[in-house]
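Take a look at the structure set out below.
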Amino acid sequence: MRRRSWLKLGIGAAAVLAIGGGAVALLGPGWQRGRLAPAGRTVFTHVGRALLEGSLPANPAEQAAALDGLLDRVDALVAALPPHAQQELSQLLSLLATSAGRRALAGLAQDWPVAPLAGIQQGLQSMRISSLSLRRQAYQALHDITGAAYFSDRGTWPQLGYPGPMDI
Amino acid sequence: MSRLPDPIREGLARGWRVAGGPHGAVPDRLACDVAIVGSGAGAGISAEILTRAGLKVLLVEEGPLKTSSDFRQLESEAYPSLYQESAARKTSDKAITILQGRCVGGSTTVNWTSSFRTPAATLDHWQRHFGLQRFGNDELAPFFEQAERRLSIGPWLLPPNENNALLRRGAARLGIATAAIQRNVKGCWNLGSCGLGCPTNAKQSMLVTTIPWALDHGAHLLVETRAERLELANGRVTALVCVPASGEGPATRITARHYVLAAGAINSPAVLLRSQAPDPHGRLGQRTFLHPVVLSAAHFDGKVEGWRGAPQTLYSDHFLETQPIDGPIGYKLEAPPVHPVIFATTVTGYGREHADLMRQFPNTHVLIALLRDGFHEQSPGGSVRLRGDGSPQLDYPLTDFVMEGARRALLSMMEIQFAAGARRVLPVHELARPYLDWNEARRAVAALPMKPLLAKIVSAHVMGGCGLAGDPALGVVRPDGVHWQLQNLSVHDGSLFPTSVGANPQLSIYGIVNRLAQDLARRMGGRDAILA
């Protein structure tokens, strides 16, 4: 995202956090030491559930395993991005993991683990069609990273009817 | 893994001079006649011509040397290892995703083989508006012919895959002409995974043609090595400073009689910007063009399997040729390959709606429209600038002029898909949904807000930023490719083009650079050399 926009968002989020009794210094990064930090894992787990509803296995144990696999592949995908993109994504995830940032960006009142699926999807939809390009950027980043990481796994291909590479 | 012969590994075993990354440390200092930054279309052609002329050539590539043995046709491996920014390079507002190669062979290693000469109408425009009198169709023809012979560019004789055949069938029902695309392949297996690296070495990319030839004849290749900046003094380049792409290790200082930038139309301007190259007319990095692409997906009752078979074999220039080049923006229509990751990220929506689209994957047909940017004053393209860390980014404002073209393009593609018998059609836009008939689709798309980050826009053709011009006020380089202010520096890649090409640009780069490189070799006292 544009550096200027991020600064603006940073200031706005800082104000919200200050009012809420938090402090920017308490924001944990979303991406740290080459993999998703706890903040990033929380966001991607629940965003993944919402974006991939209908593609993920319905059985709870299988779904949990599929989401774990998704997070591993997000790690690999993000590790291959250039530093500027990793940094932007880290900021996005850290904001989404705070209550103020989650409300401001995703319009989601409840915390990720307790929010109902439909609530998270509503939040994503509000980002997707927002008049603020920053929120649309955030939605597309989550959409594209989740979709790429999930469907890069050959275990998802049978449901797509995709046979995979030809042996040569 | 491919069990076929791997000519690159065989070359390495023969003793090719390759350093960097796993191929060993790069010396602190190197000297050559010509230092070339990049190893894609322009770099490869330049390397072969200059080596043929008897000059000592050194190529510097930021990406890795991957070979057919590495090409396992997997998106999860190809995007991170072969593409700029892991195939997720974006314009600064994130509204356009840019696919560009970053490996030995550059974009030619991962492109879809479509080969078009520069359209005559484009050359006419350059002659009229940019003082490029020597860029006539007839004058360039021999240079295109040589490139076509050298790279086995010719007609594709197998039947098109269903994805392409549907373009032809739908267009024919509407009286819209389509034609065959020439491809640069030899012994193609019709696999459909060109974008993931060709595992059979059938694609005649720079990776398997010019670069091996140059290496066999004494050229030197540095890989996983980033061209950081040029040192300048008295209107000349005095050295090229490179660093390991990993960021760890000592710098290398390369001295040469002449330097060639061929790093692509984002990275070539970036090297000049980092070098604080003279830019008295404010042209450097300006007028960067993308052929912004919009997409339409359609579901058919029958299987399409767009991942299978030669990816792009038919096209239509109807919406370029039926209107003036400098009027409302026109567009070229093609049918791209689809694979799971690229499809999942491109197709809009989430949850059950997205899952439903993914399940329709084998029956999905995709069309793309490439908008011909740069010919109208309201289509000035974008500009390359540097981030704080020195990496380049492209600002590309999607003007209303461009976005209205995108709307017309979506309409044209949907109409063709319905004419071909589509059951439902989804223009790729966040506010669109699959439409069941052409009238409903037409009304809906006429009302869509055509805004960035709502309409999905992608690009695989970055052009301009170091434009050719006959007048220093109009461009960055002279008609012979030499920088207007730096006498021993040339630009030999898609950055040269003063507008977009209006066609997939690889053959435009091959043909035009072929001429520039022959002229350069002659001026440097080399033997006369042609490609084929």
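The values are calculated or read from the model by the stated rules, or taken from the named source; none is laboratory data. This one's a predicted model, so the numbers in the text were calculated from it and none came from an experiment. A quick note on method: Cβ atoms are made from the backbone with ideal geometry, for glycine too, and the neighbour counts reach across all protein chains shown.
The table below lists the values:
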read-out	value
Checking B:Ala344 against (1) of a type outside the set (Asp, Glu); (2) in a helix (DSSP H, G or I); (3) more than 12 Å from chain A (Cβ to nearest Cβ); (4) crowded, with 23+ Cβ neighbours inside 10 Å, the condition it does not meet	(3)
Filtered residues of the range B:92-110 (kept if within 14 Å of B:Val293 (Cβ to Cβ) and part of a loop (DSSP other than H, G, I, E, B))	B:Ala95, B:Leu99, B:Gln100
Of all residues making up the range B:30-51, the number that are over 19 Å from the mean Cα position of the chain (by Cα) and either closer than 17 Å to B:Arg17 by Cβ or free of Cβ contacts under 8 Å to residues at least 40 places away in the same chain (or both)	9
Where B:Leu65 falls short, out of the listed (1) modelled with pLDDT of 95 or more; (2) in a loop (DSSP other than H, G, I, E, B); (3) surrounded by fewer than 22 Cβ atoms within 10 Å (Cβ to Cβ)	(3)
Inter-residue pairs, beta-carbon under 7 Å, first more than 22 Å from B:Leu82 (Cα to Cα) and in the range A:62-81, second modelled with pLDDT of 95 or more and of a type in the set (D, E, K, R), 6+ apart	A:Leu67/A:Arg49; A:Gly69/A:Asp153; A:Leu71/A:Arg41
Any chance A:Ser126 is more than 9 Å from chain B (Cβ to nearest Cβ) and closer than 30 Å to B:Gln360 by Cβ	yes
Entirely in the range B:200-266, the strands (runs of 3 or more DSSP E) that have 1 or more residues that are in contact with a helix residue (DSSP H, G or I) (Cβ under 7 Å, 6 or more places away or on another chain) and crowded, with 19+ Cβ neighbours inside 10 Å	B:220-222, B:225-233, B:252-261
Test: B:Pro292 is touching a residue at least 24 places away in the same chain (Cβ under 8 Å) and surrounded by fewer than 23 Cβ atoms within 10 Å (Cβ to Cβ)	no
Restricting the range A:151-163 to residues that are surrounded by 14 or more Cβ atoms within 10 Å (Cβ to Cβ) and part of a loop (DSSP other than H, G, I, E, B), the residue that is farthest from the other protein chains (Cβ to nearest Cβ)	A:Asp153
Unmet requirement for B:Gln146, which otherwise passes all of (1) among the polar types (S, T, N, Q); (2) within 14 Å of chain A (Cβ to nearest Cβ); (3) assigned to a helix (DSSP H, G or I)	(2)
Hits in the range A:114-129 (condition: surrounded by fewer than 18 Cβ atoms within 10 Å (Cβ to Cβ) and assigned to a loop (DSSP other than H, G, I, E, B))	A:Val114, A:Pro116, A:Ile129
Residue in the range A:38-54 that is nearest to the other protein chains (Cβ to nearest Cβ), counting only those that are under 24 Å from B:Ala87 (Cα atoms) and not β-branched (Val, Ile, Thr)	A:Leu51
Out of B:Phe143, B:Phe116, B:Phe130, sole residue that is modelled with pLDDT of 95 or more, in contact with a helix residue (DSSP H, G or I) (Cβ under 7 Å, 6 or more places away or on another chain), buried (at least 20 other Cβ atoms within 10 Å of the Cβ) and farther than 30 Å from B:Gly306 by Cα	B:Phe143
Residues that are assigned to a loop (DSSP other than H, G, I, E, B), in contact (Cβ under 8 Å) with a residue 24 or more places away in the chain and farther than 18 Å from A:Gln122 by Cβ, drawn from the range A:25-55	A:Leu27, A:Gly28, A:Pro29, A:Gly30, A:Gly34, A:Ala37, A:Ser55
Cβ pairs under 7 Å, 6+ apart, first in the range B:67-85 and at the interface with another protein chain (Cβ under 7 Å from one of its Cβ atoms), second part of a helix (DSSP H, G or I)	B:Gln73/B:Leu196; B:Leu74/B:Leu196; B:Glu75/B:Leu196; B:Glu75/B:Pro340; B:Glu75/B:Val341; B:Glu75/B:Ile342; B:Pro80/B:Ser86; B:Glu85/A:Ala85
Residue within the range B:180-195 that is in contact with a helix residue (DSSP H, G or I) (Cβ under 9 Å, 6 or more places away or on another chain), exposed (fewer than 14 other Cβ atoms within 10 Å of the Cβ) and not in a strand (DSSP E or B) present	no
Filter result for A:Ser99 (out of contact with any helix residue (DSSP H, G or I) (no Cβ under 7 Å at 6 or more places or on another chain) and either of a type in the set (Asp, Glu) or away from chain B (no Cβ under 13 Å) (or both))	yes
